Each structure stands twice: as C-alpha cells, then as structure tokens.
Amino acid sequence: MPSSGPPRLSKAHKQRLIQRFRRETARREQLLRQAGDKQAEEISLKVKNRLNKILRKFWDIKIRDILELEREMPLDQLTLLKVLRQLETPTSTPAV
C-alpha cells in the first residue's frame, strides 16, 4: 500500500536543503545591506549637495533673525534679498 504522506528525506538530503536555505538567506541579507548602504549614500550626497548650494556668508544667519526682520518691514518692501542685506549690516544684528 503506497504511503499517503510526503516522501521521506534522507539525513544527507535534509542537510543539503538546510545548507542551500542558509546560503540563500545570507545572499539575500547581503543584497539588502548593499541596497541600504547605497540608499544611505545617495541621501547623504543629496544633503551635501544642498548644503553646498548655500553661500558661506549665509551660514551664520538664523531663520529666527530673518523672521524677526520680516515682521518689522512693511509688506510692500518685503523681499528676502532686502532682509538678507539688512542682516549683513553690522548695525542691524538683533539682540538675542
């Protein structure tokens, strides 16, 4: 009478299957790590490129200072360049 269950595997065959699954798991882990490293590097490059687009003279200007000057200026004179020029002058530095 034939067996109705799954075929029985020898010990050697089971070991080969286990080794194959372990190798496949390790390969997939490596691929995921490589993809994650590549994505992190791309994000880092994007951030560095954005920072490099900002002029050095504006590095020390705080957004808070810009907003304070914008609130003081009338709307018809309000432009970012005017605010930045006003911040560059030494007499207009706000007290912290």
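The residue that is nearest to the chain's Cα centre (by Cα), counting only those in region 71-96 that are at pLDDT below 75, surrounded by 13 or more Cβ atoms within 10 Å (Cβ to Cβ) and not hydrophobic (A, V, I, L, M, F, W, C), is K82. Reported count of residues in region 49-64, each being closer than 18 Å to T89 by Cβ and either outside any helix (DSSP H, G or I) or modelled with pLDDT of 80 or more (or both), is 6. Taking the listed residues R8, R23, the one that is surrounded by 10 or more Cβ atoms within 10 Å (Cβ to Cβ) and among the charged types (D, E, K, R) is R23, with no other qualifying. Do we have any residue at all in region 4-24 that's among the hydroxyl-bearing types (S, T, Y) and modelled with pLDDT of 80 or more? Yes: region 4-24 contains one or more residues that are among the hydroxyl-bearing types (S, T, Y) and modelled with pLDDT of 80 or more. Please give the number of the condition A12 fails out of (1) without any contact (Cβ under 8 Å) to a residue 24 or more places away in the chain; (2) in a loop (DSSP other than H, G, I, E, B). With respect to (1) without any contact (Cβ under 8 Å) to a residue 24 or more places away in the chain; (2) in a loop (DSSP other than H, G, I, E, B), A12 is out only on (2).
The values are calculated or read from the model by the stated rules, or taken from the named source; none is laboratory data. Computed from a predicted model, the values in this text were never measured in an experiment. With ideal geometry, Cβ positions are generated from the backbone for all residues, glycine too; neighbour counts draw on all protein chains shown.
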